[in-house]
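See below for the structure under consideration.
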Amino acid sequence: MDIVTAQEMYERDQAAAEAGLAGTMLMENAGRAAAYDLVKHIQKSDRIIVWIGAGSNGGDGFVIARTLLNLGYTAEAVQVVPDEKIKGDAAVHKQIFQASGHTVKKWTDVEDAEGYLLRADVSIDAMLGIGVQGDLREPYKQIVQHCNEASLLRLAVDLPTGVPADEGVEEFTAYKADYTSVIEAPKLSAFLQHTQPWYGQWSVVEIGIPSQVSPAVRRSMWTVEDVKRTLPSRDDHSHKGSHGKGLVIGGSLLMPGSAAMTSRAALRSGAGLIAIATEEGAVPSISPYVQEATFVERETMELSAYDGVAAGMGIGRGADARALVHHVVTHTKGPLLIDADGLYVLKDFLGKLEKREEPTILTPHPGEFAHLTGRSIKDVLLSPFSLAEAFARRYGVYLVLKGPSTIITAPDGEQRVDVTGNSGLAKGGSGDALAGILLTMLMQSESMLDGLSSGCVLHGHTADRVVQQGRSKVDLLATDVIEGLPGTFRTLSSSIT
Ligand SMILES: NC(=O)C1=CN([C@@H]2O[C@H](COP(=O)(O)OP(=O)(O)OC[C@H]3O[C@@H](n4cnc5c(N)ncnc54)[C@H](OP(=O)(O)O)[C@@H]3O)[C@@H](O)[C@H]2O)[C@H](O)CC1
Ligand SMILES: [K+]
């Protein structure tokens, strides 16, 4: 499913119009689809207010109110702007609403808003959508504040009023939705840390824009269904060499667990062979946890003897770690993933990545990405899509920017978003487990972007499954996720089990 900016959504509308789908038709489709989606959250006995604003979002509101009334719900359509503000397609649907025998109520002052809210159980926000610019003006601001304070169910159409569709906007006032029915495609703000909570839960309703006419968007969600579709199959006649021979360069005397978890996660994800290059003193702590792995010395490791290398977890941030990562970056010929401490020390010679011919994969969380880019964490969280794209293009890398919505960017700028996982993953060790899964995926997948995206979903989806099956978000450990992988593979593909 594509993820769009406001501009890309308008281009889609335009393309649909050129294909003969008039704006009023799209509005009818949008309003009806949203109404049928919203009623899943409404009881027949509920009293509903539909707040209608000046633009096409408001036009959707007239269609929604008419559809709800047709279905036998008790709904009032409340226009929050003067009549002359209702124009174009929205005016057509206002006319149809009135011709159907319904009355358009008006919002005139604050007492009105309070009165409406006192006698409502459900509020549907069809005030503003992707057209919002800058902070909310009156009367929207007051109505939004009243709605947010009232004890009722808050539903929204396309976007909660006031939430910007795009990234980069820090300050805004907005309607706090419990659930949002998103029109046609999710907008960037549905995935950003500071805007996503305003949506509540959300899902997307399809409004009939033919995909053939939609301008291509190189940004989409990657889900469990996509993993099922693309997961590498395991041939019955395969041998250990067929599934990838990986090297994990990580761990140290004080941080042995990281290399252990990365290696075990790689093996649990199906890697054929895993070798570990760590500090000699760390071997006794690591080996009982991954008996299947072999060990090699860092001084003599053969970086080109592997199908994939993952480096950096638990190596520390001192001069030795820096020299190690420099050596790995300049001598590894195959695909190379760098994580954790490796990213920290990489900062000084990022330019070397441009010279690599095989794929480089960097897996930062926002703090590590801020360090790599010299931006603040706040900037990274405000504009993760554009910063990730610029960085991936500049250094020619695959970037896995981790978070509640993980953004995976290819060197050509194509982006995927994984929304699986839960707050139980916000814990030491989660990144190590993910690095191991990704190491296997990068060795086995025909498409690097598909493989990395699937690796992220495997990790998050497993965390969700493990929490559903008895662990909680409080006690979930990275090792629980690693040991949950077999259950995930079992549910994903019959050819694997
Ligand atoms: N294919 C589709 O996606 C379809 C989407 N539809 C719906 O249409 C909206 C987008 O409609 P649009 O009219 O472009 O925009 P809005 O409805 O969000 O709002 C436009 C009005 O907003 C006023 N505005 C802008 N910023 C502010 C602000 N800060 N405070 C108050 N008012 C603001 C602006 O007023 P002006 O006075 O500035 O002109 C506009 O009047 C989309 O989200 C979907 O819900 C269609 O139904 C069909 C297909
Ligand atoms: K809205």
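Whole Å is fine, so just give me how far the alpha carbon centre of the range 375-450 lies from that of the range 47-96.
Here the answer is 41 Å between Cα centres.
Averaging over all projection directions, find the projected area of the Cα convex hull of the chain and quote it in nm² with one decimal place.
Mean projected area for the chain: 25.1 nm², to one decimal.
Need one number: % antiparallel among DSSP beta bridges in the chain, to the nearest 5.
15
Binning every alpha carbon pair distance of the range 405-473 at 10 Å from zero, what are the percents per bin?
21, 50, 24, 4, 0
Please give the solvent-accessible surface of Glu358 in Å², to the nearest 10, using a probe radius of 1.4 Å with every protein chain present.
Solvent-accessible area, nearest 10 Å²: 80 Å².
Using +1 at the Cβ of each Lys and Arg and -1 at the Cβ of each Asp and Glu in the chain, identify which of Leu188, Thr262, Leu136 lies farthest towards the dipole's positive end.
It is Thr262.
Note down the accessible area of Tyr73, probe 1.4 Å, to the nearest 10 Å².
Accessible surface of Tyr73 is approximately 30 Å².
Rounded to the nearest 0.05, what FRET efficiency do Arg218 and His194 give with R0 = 25 Å and r taken as the Cβ-Cβ distance? Could you check?
After rounding to 0.05, the efficiency reads 0.55.
Which Cα, out of Ala177, Pro164, Ser151, lies furthest along the positive dipole direction of the range 6-217 (beta carbon charges, K/R +1, D/E -1)?
Going by the Cα projections, it comes out as Ser151.
Normalised by the empirical 2.2 N^0.38 Å for globular proteins, what value does the Cα Rg of the range 232-370 take?
Ratio of Rg to 2.2 N^0.38 Å for the range 232-370: 1.02.
Roll a 1.4 Å probe over the protein chains and send me the accessible area per residue for the chain in Å².
Value for the chain: 42 Å² per residue.
When only the heavy atoms of the protein chains count and the probe is 1.4 Å, how do Leu254, Leu439 rank by accessible area, highest first?
Leu254, Leu439
How big is the accessible area of Glu8 in square angstrom, nearest 10, if you roll a 1.4 angstrom probe over the protein chains?
40
Counting DSSP beta bridges with both partners in the range 6-217, what percentage is antiparallel, nearest 5?
0
Largest first, how would Glu414, Glu357 line up by accessible area (1.4 Å probe)?
Final ranking, largest accessible area leading: Glu357, Glu414.
When the helix-only estimate is applied to the chain (DSSP H runs of n ≥ 4, each -39,500 (n - 2.57), divided by the residue count), what is the mean residue ellipticity at 222 nm, nearest 500 deg cm²/dmol?
Dividing the helical sum by the residues of the chain leaves -12000 deg cm²/dmol.
Cα-Cα pairs above 22 Å in the range 224-492: how many percent?
Tail of the P(r) past 22 Å holds 51 percent of the pairs.
R0 = 56 Å: FRET efficiency of Gln291 with Thr103, Cβ-based, nearest 0.05?
0.15
Would you work out which of Ser386, Leu439, Leu350 lies farthest towards the positive end of the dipole of the chain, given +1 charges on the beta-carbon of Lys and Arg and -1 on that of Asp and Glu, about the Cα centre?
With unit charges placed on the Cβ atoms, the residue in question is Leu439.
Could you compute Rg(Cα) / (2.2 N^0.38 Å) for the range 6-217, with N its residue count?
Dividing the Cα Rg of the range 6-217 by 2.2 N^0.38 Å gives 0.94.
How many times 2.2 N^0.38 Å is the alpha carbon radius of gyration of the range 363-497?
Dividing the Cα radius of gyration by 2.2 N^0.38 Å gives 1.06.
Taking all protein chains as present, what is the carbon and sulfur share of the accessible area of the range 6-217, in % to the nearest whole number, probe 1.4 Å?
49
If you split all Cα-Cα distances of the range 41-98 into 5 Å bins from zero, what percentages do you get per bin, shortest first?
For the range 41-98, the binned pair fractions read 4, 22, 32, 21, 12, 7, 2 percent.
The values are calculated or read from the model by the stated rules, or taken from the named source; none is laboratory data. Just so you know, these numbers come straight off a predicted model, no measurement behind them. Cβ atoms come from the backbone with ideal geometry, glycine included; neighbour counts cover every protein chain shown. We work out accessible area using only protein heavy atoms, side chains counted, and drop any ligands, DNA or RNA first. Shrake-Rupley method; radii C 1.70, N 1.55, O 1.52, S 1.80 Å.
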